[in-house]
Amino acid sequence: MHETIQLMLEEIASQGNLFDASREDLMIQCRSLIKEIGADRIKKVYIAGCGDSFYAGINCRDLFLKYAGLHTEAWQALEFSRYVCNYEVDESSLVICISNSGKVSRTVECAIRAQEKGAVVIGYTSNKESPLAKACSYQVFTTVPQYQNIHIPGTFSYGASMMGLVCMAIALGEARGALSGSQVTELCDYIHKLGKCVKPTVEACSPMIERYTDIYLGEDSPLRVKLFHFVGSGPNWGNAQYASEKMLESARFDAVCQGTEEWAHTQYFTTRVGTHTVILAPRGESRERAIEIMQAVTVMDGKKIVIGEDSDQELRRSADIYFPICGMENIREEFSPLLYPLPIALLSMHLGRVLGAQAFGFDKPWILQENLRQIWESKVVSLQESKQEDR
């Protein structure tokens with residue numbers, strides 16, 4: 001258990017490396033690919049993946065819209081491969097398929113089917129010999145720590161996937177003339193500044209989250225959390241889903257994710273004493289709505305756990321417990337997903353610690369075997385094979 005915690009902490013703290021060394025490599029890869037592909041042929045972008053990879057796509061969708069001027073959609077891999085791909089994808093589509101392992105069957109299927117439709121398909125993976133890498137005409141290779149393995153809930157790989165998408169959006173905008181050279185330089189400098197926020201955020205949040213979990217999540221605590229609601233919108237809707245998944249992976253602790261607006265229509269009614277609503281509230285389009293939601297949490301006797309900028313005093317005053325993003329003020333909302341997962345990752349790590357839980361629940365070999373069978377060994381069906389089966 002101690003080793004798992006240490007490895008997770010190393011992953012979380014090392015994410016500052018993504019903002020410089022990894023970004024420079026990814027920009028080189030993305031620019032080279034776009035030059036080879038030709039930016040003019042791309043009219044729309046689809047991002048497909050499962051789990052963290054899917055959430056990364058949701059978080060980064062707005063970057064393609066804002067900086068490349070391209071219609072962009074993020075889809076869960078099954079929905080894309082079996083439904084969206086059948087009707088919408090064509091030669092003008094850029095399809096980005098994301099899988100850190102490169103072994104996820106459904107994501108490989110997305111690549112195969114999109115290429116059958118004539119789309120430009122890029123595989124994002126850290127595994128150069130993987131089925132995904134081999135299935136795609138083009139690849140972007142991300143780098144993750146060597147110590148990451150199936151027993152450690154991924155945090156660095158999530159950030160690496162997002163950074164790869166950030167770089168592709170900027171490179172596409174540059175190639176399409178939507179961004180000038182000076183604007184590209186400014187964006188790269190801005191990403192560098194964001195990287196400087198990782199260390200102070202982890203240093204500020206880690207002891208706070210450790211205390212929080214000791215008080216509210218210990219098995220014998222009279223204040224024990226019974227249920228988490230994770231709430232986010234726009235570029236952080238994916239992060240709310242990521243948060244729910246990390247609680248499950250790290251400690252098998254059930255959690256619900258919901259959009260900021262939809263919380264008022266759904267989870268409001270199940271909020272009660274023992275329900276902790278974790279709200280991701282960067283400065284931006286949904287911040288004021290998040291503050292209104294916080295009032296409703298109070299009415300229902302829940303507790304408000306808020307992730308926001310360190311300098312946002314209004315938000316801090318409205319929260320019961322506040323986990324700050326430190327090092328920069330007025331972070332652009334479209335880039336906030338790169339930093340807002342940090343407290344989430346720390347929370348999942350300490351949740352596993354206080355509950356003494358083994359990550360993923362792989363305490364029995366057959367549980368791991370079945371999980372890998374479901375994800376890596378599911379049958380991949382091409383469009384051609386699907387049509388033959390329908391006859």
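Laboratory data are not the source of any read-out in this text; all were calculated from the coordinates shown. From a predicted model like this one, the values you see are computed outputs, not experimental measurements. Here the Cβ is made from the backbone with ideal geometry for all residues, glycine too, and neighbour counts use every protein chain on show.
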List the lysines whose Cα sits under 22 Å from the Cα of LYS66, skipping any in the same chain fewer than 8 residues away. LYS35, LYS43, LYS44, LYS193
Counting other beta carbons within 10 Å of each Cβ, put ILE34, ILE215 in order, fewest first. ILE215, ILE34
Residue-ordered couplings for the stretch 319-330, obtained by feeding phi - 60° into the Karplus form 6.51 cos²θ - 1.76 cosθ + 1.60 and rounding to whole Hz (Gly and Pro as x), are 8, 7, 9, 10, 10, x, 8, 10, x, 7, 9, 6
For ASP310, ASP189, what ranking results if the residue with the fewest other Cβ atoms within 10 Å of its Cβ goes first? ASP189, ASP310
Is it possible to state the helix-based mean residue ellipticity at 222 nm for the chain, with each DSSP H run of 4+ residues giving -39500 (n - 2.57), the sum divided by total residues, to the nearest 500 deg cm²/dmol? What is it? -15000 deg cm²/dmol
What does the convex hull of the Cα atoms of the stretch 63-130 come to per residue, in Å³, rounded to a whole number? 90 Å³
Hey, what do the phi angles of the stretch 57-65 turn into as Karplus ³J(HN,Hα) couplings, whole Hz, using 6.51/-1.76/1.60 and θ = phi - 60°, x for Gly and Pro? x, 4, 5, 9, 3, 5, 5, 5, 5
May I ask which residue of HIS350, ILE307, TRP366 lies farthest towards the positive end of the charge dipole of the stretch 271-391, with charges of +1 (Lys, Arg) and -1 (Asp, Glu) on Cβ and the Cα centre as origin? TRP366
Straight-line reach check, LYS103, cutoff 19 Å on alpha carbons, 8 or more apart in-chain or any other chain, hits among lysines -> LYS128, LYS134, LYS379
Could you check the simple spin-label distance between GLU36 and VAL381, using points 7 Å along Cα→Cβ, in nm with one decimal? 3.2 nm
Under the rule of at least 5 residues apart or a separate chain, name every residue whose amide H is placed under 5 Å from the amide H of SER378. SER105
About its Cα centre, how strong a charge dipole does the chain have in debye, to the nearest 20, once Lys and Arg get +1 and Asp and Glu get -1 at the Cβ? 400 debye
Calculating Cα Rg over 2.2 N^0.38 Å from this structure picks out, from (i) 0.97; (ii) 1.21; (iii) 1.13, entry (i)
Whole-number D in µm²/s for the stretch 300-378 (Stokes-Einstein; Kirkwood sum over Cα pairs; 37 °C, 0.692 mPa s): 209 µm²/s
When ILE293, ILE321 are arranged by how many other beta-carbons sit within 10 Å of their Cβ, fewest first, they go ILE321, ILE293
Computed E for VAL299/ARG176 - FRET, C-beta separation, R0 45 angstrom, nearest 0.05: 0.40
Which lysines does LYS199 reach when only Cα atoms under 26 Å apart count, and residues fewer than 8 places away in its own chain are ignored? LYS246, LYS304
Give a residue-ordered list of calculated ³J(HN,Hα) values for the stretch 86-91 (Karplus: 6.51 cos²θ - 1.76 cosθ + 1.60, θ = phi - 60°; whole Hz; x for Gly, Pro). 5, 10, 10, 7, 8, 5
Residues meeting the amide H criterion for PHE230 (H placed from the backbone, H to H distance under 5 Å, 5 or more places apart or on another chain) are VAL256, CYS257, GLN258, VAL278
Measure nothing but the geometry: give the 0 to 90° angle between the long axis through the Cα atoms of 105-116 and the longest principal axis through the Cα atoms of the chain, rounded to 10°. 30 degrees
